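Let me begin by presenting the structure, written as structure tokens, before commenting on it.
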């Protein structure tokens, strides 16, 4: 059951957190409006879409993205004020341990972490669909892919080649689909173009050339112990041909758009499908999935660091506390980027890479906690 001290600290913690995050988001929105205002005017974007499609989804995305940092700042702000009013001296003098003081902080961090996990895995991916669609329509000039000579492994042993792809019309030119078995080509389709049919969820190929190869082993009259390998080919042509395959227009979305719009279960399924295709970008997808869990847990670590630093009076006041806090936050973000780079470069497992910053800063948090004012 929460006592007066718990309620007092928890109220200050949550209140300061939401005040600081609201203040910073207002600043972000002002800068975003100033940056995109010209595009809004030129494209004649309806005010309703700006508010509900863009900014209503902008707020949870960026608010959650910086929630550990905002938590840290909130802890530093109100804890420093308590320290300079000698409230901690009074609390500790009453026989309350520093460990006991941390309890409401951990409750507050737990509430924020739980909220962040739900947002990361389920709410934000859904809102990203609307936000990214809005940006592609009005800000990115409809977004067109600039990829050329595109190769995609769409299944084990099956490779799709496209000279170019128009994601506005979902049409590809100069297409070939090659099937390989035992390092030998057994089937190939070539087409002048390929267009997506959304009514049947299939591709319609135009001016198609199909080649089928059958390999046979026959006795060799010159060497009876070793059969001779021969092959037979059949060639067919079609003015058009409709096919279904493990490739759709969503696979040609912007790289980030492919997984940022997927919730936890959809992302897990997506990763399994990409592994079956033999994708070379599995590490990127796994980093995204694990980071959605590891990053919110930084809230606990940064809360302990914030309390340990700001609960003691030091020269320089709140300003020095904030400066130290921001330095540690920047170091944490730097470690996160470095470790995830190691993972996407194949130098570390994604699960280990995304948790390394938390493990390192857990040691820092423990050290500061042991040396905090008792």
Count - residues of the range 149-184 that are in contact with a strand residue (DSSP E or B) (Cβ under 9 Å, 6 or more places away or on another chain), in a loop (DSSP other than H, G, I, E, B) and surrounded by 13 or more Cβ atoms within 10 Å (Cβ to Cβ): 2
Of the residues in the range 263-279 that are out of contact with any helix residue (DSSP H, G or I) (no Cβ under 7 Å at 6 or more places or on another chain) and in contact (Cβ under 8 Å) with a residue 24 or more places away in the chain, the one that is nearest to residue 343 (Cα to Cα) is 279
Failed criterion for residue 187 (all others in (1) part of a strand (DSSP E or B); (2) free of Cβ contacts under 8 Å to residues at least 12 places away in the same chain hold): (2)
For a quick check of your reading: which helices (runs of 4 or more DSSP H) sit entirely within the range 244-349 and have at least 1 residues that are in contact with a strand residue (DSSP E or B) (Cβ under 6 Å, 6 or more places away or on another chain)? 264-277
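Would a scan of the range 200-220 turn up a residue that is more than 35 Å from the chain's Cα centre (by Cα), exposed (fewer than 12 other Cβ atoms within 10 Å of the Cβ) and closer than 21 Å to residue 276 by Cβ?
no
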Grab the helices (runs of 4 or more DSSP H) fully contained in the range 50-115, keeping just those with 3 or more residues being under 20 Å from residue 32 (Cβ atoms), free of Cβ contacts under 8 Å to residues at least 60 places away in the same chain and assigned by TED's automatic domain parsing to the domain that holds residue 306. 56-65
Looking for something under 23 Å from the mean Cα position of the chain (by Cα) and touching a residue at least 24 places away in the same chain (Cβ under 8 Å) - is there at least one such residue anywhere in the range 305-326? no
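The values are calculated or read from the model by the stated rules, or taken from the named source; none is laboratory data. Only a predicted model underlies this, so the values are computations on that prediction, with no experimental measurement involved. When we count neighbours, we look across all protein chains shown, and the Cβ atoms used for this are built from the backbone with ideal geometry, even at glycine.
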